[in-house]
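Step one of this worksheet: look at the structure below.
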Amino acid sequence: MILTLLKRYLRDYGLALLLLLFLLVCWETVVRLEWIPSFILPAPTSIWIALVENQRLLFGQHLPATLQEVFIGFILSVVLGSLLGTGMHLSRRLEKALYPFIIISQTIPLIALSPIFIFWFGYSLAGKVAVVFLTAFFPVVVGSFDGLRKGAEGYRELLLTMGASRRHLLTKIQIPLALPSFFSGLKLSIVYCVIGATIGEWLGGSKGLGYFSRRMAGNLQSDEMFAAVFLLSALGLVLFLILVLLEKILFMKRGSSRS
């Protein structure tokens, strides 16, 4: 199954991979010809060398710290966000009371709120998780709430005529039909988790890829800074693809597909 999915993605995104390779070659050429100073934009090979030379520090200390923040923030976002989205679907009063505040929470720049969380929680794990949660819970809430509202009226009326309760409608129709929207929210959320963890580490701390990149930027070590940025990008991409794979497996087991 995984091999089949891999072949499909290579077929679908092979052109994008070729374009990426072309851009990397152009990037390397421009830097090697000194059209752009290497301290402003290091060559891909220099970034790779910095990644290899600092692999013990990056993979042994900073990547696990960032992963911990991402996973804890993501789990909290999924649990609380899905519960909140479901609650607003089941209760019109709860929706009217909370939905405006959820929207307002996303209009405030995160960079302005992050120092407040650091002030409240300090430079501990809790402060960074709070930043990650605030960044990532909104897509889960909206994905859950909007997905549950898309219940097919025909199936709903059929089950109602058969004496189905609200719980049966939720479990038999609304939750299954909400899964595509829910997974869309999850995929956005996991990417936002990486962004939130990076912002939290930039503001303070002693571990994490965001902290490492900030320290390297302060020391004008652009190769090492870009190596950390590359790892952050790769982390977000890998986590996103894991959710895509889980979504595909779930829909295959359910006997449906999503293109």
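May I ask you to list pairs of residues, at least six apart or on different chains, whose Cβ atoms are under 8 Å apart, with the first in segment 135-157 being modelled with pLDDT of 85 or more and the second being among the polar types (S, T, N, Q) and open to solvent by 50 Å² or more (accessible area, probe 1.4 Å)?
Phe138/Gln106
Among (1) assigned to a helix (DSSP H, G or I); (2) open to solvent by 30 Å² or more (accessible area, probe 1.4 Å), which single condition is Ala197 missing?
All conditions are met except number (2).
Being surrounded by fewer than 20 Cβ atoms within 10 Å (Cβ to Cβ) and among the small types (Gly, Ala, Ser) is the filter here; which residues of segment 208-221 pass it?
Selection gives Ala217, Gly218.
What single numbered condition from (1) open to solvent by less than 90 Å² (accessible area, probe 1.4 Å); (2) of a type outside the set (Ser, Thr, Tyr); (3) modelled with pLDDT of 90 or more fails to hold for Leu41?
(3)
Checking Thr86 against (1) out of contact with any Phe, Trp or Tyr (no Cβ under 7 Å at 6 or more places or on another chain); (2) open to solvent by 60 Å² or more (accessible area, probe 1.4 Å); (3) polar (S, T, N, Q); (4) part of a helix (DSSP H, G or I), which test does it fail?
With (1) out of contact with any Phe, Trp or Tyr (no Cβ under 7 Å at 6 or more places or on another chain); (2) open to solvent by 60 Å² or more (accessible area, probe 1.4 Å); (3) polar (S, T, N, Q); (4) part of a helix (DSSP H, G or I) applied to Thr86, the lone miss is (2).
When you check Thr66 against the structure, is it in a helix (DSSP H, G or I), in the same structural domain as Lys128 (by TED's automatic domain parsing) and modelled with pLDDT under 90, yes or no?
No.
The values are calculated or read from the model by the stated rules, or taken from the named source; none is laboratory data. Computed from a prediction, not measured in an experiment: that's the story for all the values here. Using ideal geometry, Cβ is built from the backbone for each residue, glycine included, and neighbour counts are taken over all protein chains shown. Note: accessible area is taken over every heavy atom of the protein model, side chains too, but ligands, DNA and RNA are not part of it. Shrake-Rupley method; radii C 1.70, N 1.55, O 1.52, S 1.80 Å.
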